[in-house]
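The values are calculated or read from the model by the stated rules, or taken from the named source; none is laboratory data. These figures come from a predicted structure and were not determined experimentally. Every residue, glycine among them, receives a Cβ derived from its backbone with ideal geometry; neighbour counts consider all protein chains shown. Areas reflect the complete protein model, heavy atoms only, side chains present, ligands, DNA and RNA absent. Shrake-Rupley method; radii C 1.70, N 1.55, O 1.52, S 1.80 Å.
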Amino acid sequence: MSPAIQAPRGTFDVLPEDAARRDVVESNARRILTAAGYRRIETPAFEATELFARGVGEATDIVQKEMYTFTDPGGRSLTLRPEGTAPVCRAYLEHGMHKLPQPVKLWYLSSFFRAEAPQRGRYRQFWQIGAEVIGSARPETDAELIVLLHELLESLSIRATLAISSLGTPATRAHYREELKDYLLAHRDELSEEARGRIELNPMRAFDSVDPATRAVMERAPKLLDRLAPEDAEHFAEVRRLLDHAGLAYRVQPTLVRGLDYYTHTLFEFSSDALGAQSGLGGGGRYDGLLEQLGGPPTPACGWAAGVERMLLAGGELPIAPLLVDLYVAIAADDAVAAAFQLARDARRAGLSAQLELSRRTLRRQLAHADRLGARYVAIVAGEERSSLKEMDGGEQQELTTAEVIPAILRARALA
Ligand code: AMP
């Protein structure tokens, strides 16, 4: 016998008990986001590779080494989506959503694909819930998005901390980069070899260093947050004011970075200590330049994505509704199959949850099975004309015609 085939490394099966917990995450997200006027969008699992190269940024780790890219039979380069923002922006432009009343508020629950080294909380196919607001430059948009993600995490009993920052405009950032480079060059001798090697290409990464001497240098380094243009600083201050007003606790973290190139202005991230090394639950920010980068008109936008698996890892016990079985339809004789089959269908049409015996066990085993399922009633069908209806709790049994079974259950229910 050849060995059994297994799921690819870094992927997982969502088994029924996991699916029930996911349903809670999905229904909470749907309730919270729908109430705020966000509408669901789903985009294809794969896109033209160029969308991510242009959208996420050629220099990011995601585009450089984590994408599942393939050539289709027509010779086109396609990529399994590694994130959701660029596809949603592509859809906004492709469907002329700028003609709708602005801003357009969208949410999604989709799976994404990244060729990362698998570990707890990090997979090669994972699910994200995301929310995007396209067409508003106002700081209340940023604050509303943050509050909605906070609400989702709270609804799942997740204790998370919030870090926020602002990146300003690309021009401010470019200017700041030069200043930081000069500062790092002036302190070159105090830096770790790694930080020294990155001065030219990515000076901001020195803020991530774990080397004590480098950290000491970076504590005194100029911060981008202190270099924001007045209107950008005012935008950030207004976001903070609204968060304060909403009673949300947060930490301003000037060195916050995220792995996508498109962010401008506000940046935020929720994390949880319960997660270990992969502590990020979800985050996002403003991406005012992205739509233009994708070939659209200048359009301000802001959004977030939160990992479903991380939320499930960090979440407490979720209230999972047990599978209800109002009626179990047992089959007492070979010539009773059609009548039993019909009874199960009719019961479902009448609004009952009804399961039909599918294994043709002995009657004793059918009853034991119904009991294990927690069925309220069992109908033992002997034919069109003859059924016994047994109430599992009280043990009471009535002899009826099969047509009388459903009315009897509905009557008993109405009286209960
Ligand atoms: P990002 O799109 O990188 O900003 O990620 C947003 C959120 O998605 C993260 O905070 C995680 O919760 C989740 N996430 C990102 N990458 C993975 C992955 N490889 N496996 C599981 N969850 C992930």
Taking only the range 291-304 into account, find how many residues are open to solvent by less than 20 Å² (accessible area, probe 1.4 Å) and either within 14 Å of the ligand (Cβ to nearest atom) or at pLDDT below 95 (or both).
-> 3
Out of the range 103-126, which residues are of a type in the set (A, V, I, L, M, F, W, C), more than 8 Å from the ligand (Cβ to nearest atom) and not in a loop (DSSP other than H, G, I, E, B)?
-> 104, 106, 107, 109, 113
Where in the range 5-82 are there strands (runs of 3 or more DSSP E), lying wholly inside it, with at least 3 residues that are under 22 Å from residue 123 (Cβ atoms) and not charged (D, E, K, R)?
-> 77-80
Of the conditions (1) touching a residue at least 40 places away in the same chain (Cβ under 8 Å); (2) surrounded by 13 or more Cβ atoms within 10 Å (Cβ to Cβ); (3) of a type in the set (Lys, Arg), residue 65 clears all except one; give me its number.
-> (2)
Would the range 380-393 turn up any residue that is in a helix (DSSP H, G or I) and either under 18 Å from residue 332 (Cβ atoms) or at pLDDT below 95 (or both)?
-> no
Test result for residue 159, more than 16 Å from the ligand (Cβ to nearest atom) and either within 19 Å of the chain's Cα centre (by Cα) or open to solvent by 40 Å² or more (accessible area, probe 1.4 Å) (or both) | no
Just give me the residues in the range 15-60 being over 19 Å from the mean Cα position of the chain (by Cα) and exposed (fewer than 15 other Cβ atoms within 10 Å of the Cβ), in sequence order.
-> 48, 50, 58, 59
If you go through 261, 288, 244, 226, the only one that is open to solvent by 30 Å² or more (accessible area, probe 1.4 Å), within 16 Å of the ligand (Cβ to nearest atom) and not small (Gly, Ala, Ser) is 261
Take residue 88 and decide whether it is under 29 Å from residue 8 (Cα atoms) and either among the hydrophobic types (A, V, I, L, M, F, W, C) or away from the ligand (no atom under 12 Å from the Cβ) (or both).
-> yes
Do you know which residues across the range 127-145 are aliphatic (A, V, I, L, M) and within 14 Å of the ligand (Cβ to nearest atom)?
-> 129, 131, 145
Candidate set from the range 264-278 (those that are surrounded by fewer than 19 Cβ atoms within 10 Å (Cβ to Cβ) and polar (S, T, N, Q)); member that is modelled with the highest pLDDT | 271
